Amino acid sequence: MRLSRYFVPLLKETPSEAQIVSHRLMLRAGLIRQEAAGIYAWLPLGFRVLRKIEQIVREEMNRAGAVEILMPTLQQSDLWRESGRYDAYGPEMLRITDRHERELVYGPTNEEMVTEIFRAYVKSYKSLPLNLYHIQWKFRDEVRPRFGVMRGREFLMKDAYSFDLDQATARRSYNRMYVAYLRAFDRMGLVTIPMRADTGPIGGDLSHEFHVLADTGESQVYLDRNLIDMPVPPETIDFGGDLDPIVQQRSALYAATSDVHDQARFEAEVPEERRMSTRGIEVGQVFYFGAKYSTPMKATVTGPDGKDVPVEMGSYGIGVSRLVAAIIEASHDDAGIIWPEPVAPFDLGLVNLKAGDAKTDAACGDLYASLTRAGKDVLYDDTAERPGAKFAGMDLIGLPWQVVVGPRGLEKGLVEVKNRKTGAKEELSADEVVNRFAK
Ligand code: 5CA
């Protein structure tokens, strides 16, 4: 992509409304634009990151055996009356009346709708286990939307729903999601800690929240330091096998959010030097709630014994749009964002230091073509800006690599390659650059 033809509206000033670094950087780097309180438009760079995160989540969900669908954002209120949540959910739920005076809600979550879909088709235990998920916009009329997309009103969520015959198999479904979450977040360059958590309006008696540790997190969390370095299950992990040891290994170490924290237990179980009390950003939550929805909504399956039982369910959310901000909180410096390669909007930035100079333009054009042919996404700064502004802009938007091409280097046949994260610079020939990144 040529920057001169693209749309990256960088801000010079630090927006005063932004209280945390990710919000400031998302506005300054032209990733998002606020359209109303807690409601954002995604500009090209932000949208590319959002799509990359979404794709990682999708791949890991599919690997774990979940099946993608797409449910609508608008739901009939009657569904929520069936489950008993229409009143219970309160003012956070956006209620809408259509021209026929029919009541709708803009979905804050989809337990009811997915249960309705399930009960329409699935009657026998032979179709189980089943896990249906979608990646769809949600609306929650938060009292205090803040920190940009971190706590928005409209936000993108991946939500999955598992259906099983009994508690034991439901537990296995829960474990599959737990492991898929560890893998998905790890692929985005994040260290996440699953924590015992309160179940809130979703309900149920077993739940973990996945937290990225960061000073700016909204939750107070308590954990055993040893959880931070625990290995993440590899790509080859068998999702058909027994995943309980992986979950148990982590659950054996103390980790809890403030809602369920027990200071006496914390001190008894964790040696002082390993006790950590810090802030966390909740990027995902998994719930097991058994028959909470299937009983009132009459979603039953016939078991091998011929008896009908309410299906056992769990639900599993990931804050896809929140993750964009969480990754920035975890990976930035004074100059701007530092994207981990798997979620970066482009693989590298190509900086033309003297646009308009025939030799520099030609060298950049060749590099751009070769790198693109090698499968790399290149953002080519071909604008007439001053070099200083170009460097600052590239650092701000945080692409993992910068390839800088100027007339002085070209005289020696060299261009400069800079690693955004380490700041390390190398001088290479154009061919060497292509070989390096073609790998
Ligand atoms: N139905 C369940 C699981 S599918 C559910 O709704 N869970 S949740 O309430 O925990 O939301 C799932 C994830 O969405 C959260 O872990 C969080 O990362 C994200 N999320 C929740 N509220 C917001 C919000 N207001 N803004 C941005 N992300 C949010």
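Read-outs throughout are calculated quantities, based only on the coordinates presented, and are distinct from any laboratory measurement. What you see is a predicted model; the values in this text were computed from it and never measured. A quick note on method: Cβ atoms are made from the backbone with ideal geometry, for glycine too, and the neighbour counts reach across all protein chains shown.
Restricting to Cα atoms and excluding each atom paired with itself, what does the Kirkwood estimate give for the range 346-438 in Å?
Hydrodynamic radius (Kirkwood, Cα pairs) of the range 346-438 is 12.9 Å.
Counting alpha carbon pairs within less than 8 Å and at least 6 residues apart, what relative contact order, in whole percent, applies to the range 346-438?
Worked out over the range 346-438, it gives 33 percent.
Any chance you could give the angle, 0 to 90 degrees and rounded to 10, that helix 320-330 forms with the longest Cα principal axis of the chain?
Helix 320-330 and the main axis of the chain meet at about 50 degrees.
Please work out how much length the chain gains when fully extended from Asp244 to Ala438, using 0.36 nm per residue of separation minus the C-alpha to C-alpha distance, in nm with one decimal.
65.9 nm
Taking only Cα atoms, what is the 0 to 90° angle, nearest 10, from helix 387-397's long axis to the longest principal axis of the chain?
On a 0 to 90 degree scale, this one is about 10.
First measure r as the distance between the Cβ atoms of Glu341 and Arg95, then evaluate 1/(1 + (r/R0)^6) with R0 = 51 Å and state the FRET efficiency to the nearest 0.05.
It comes out at approximately 0.75.
Using alpha-carbon positions, what is the distance between the centroids of the range 256-308 and the range 172-196, in Å?
Each part reduced to its Cα centre gives a spacing of 14 Å.
Enter the Cα centre distance for the pair the range 350-423 and the range 91-116, rounded to the nearest angstrom.
50 Å
Give or take rounding to whole Å, what are the principal axis extents of the alpha carbon atoms in the chain, in descending order?
Cα extents, longest axis first: 81, 61, 43 Å.
So what's the range 124-204 giving for Cα Rg divided by 2.2 N^0.38 Å, two decimals?
My calculation over the Cα atoms of the range 124-204 gives 1.32.
Across the Cα atoms of the range 1-85, what radius of gyration and what greatest pairwise Cα-Cα distance (Dmax) are found, in Å?
Rg then Dmax for the range 1-85, in Å: 18.2, 54.
Can you pull out the trypsin sites (Lys or Arg not before Pro) in the range 235-324 that DSSP calls coil and that have at most 15 other Cβ atoms within 10 Å?
Loop-located and lightly packed - Lys298, Lys307.
Quick one: of Lys12/Lys418; Lys123/Lys292; Lys138/Lys376; Lys376/Lys425; Lys52/Lys421; Lys126/Lys298, which pairs are farther than 26 Å apart, Cα to Cα?
Long pairs (Cα-Cα over 26 Å): Lys138/Lys376.
Please list, in order, the residues from the range 221-254 whose amide nitrogen is less than 19 Å from a point placed 7 Å along the Cα→Cβ vector of Arg275.
Answer for the range 221-254: 221-228, 252-254.
Would you mind getting me the FRET efficiency between Glu68 and Glu426? Use the beta-carbon distance for r and R0 = 41 Å, nearest 0.05.
Efficiency for this residue pair is about 0.45.
Okay, helix-only estimate at 222 nm for the chain: each DSSP H run of n ≥ 4 adds -39500 (n - 2.57), divide by all residues, round to 500 deg cm²/dmol; what do you get?
Taking each H run of at least 4 residues, the total per residue is -9500 deg cm²/dmol.
State, as an integer percentage, the relative contact order of the chain based on alpha-carbon contacts under 8 Å between residues 6 or more apart.
17 percent
Go ahead and set up a Gaussian network model of the chain, Cα springs under 10 Å, then flag whichever of Ser294, Ser124, Ser173 fluctuates most.
Ser124
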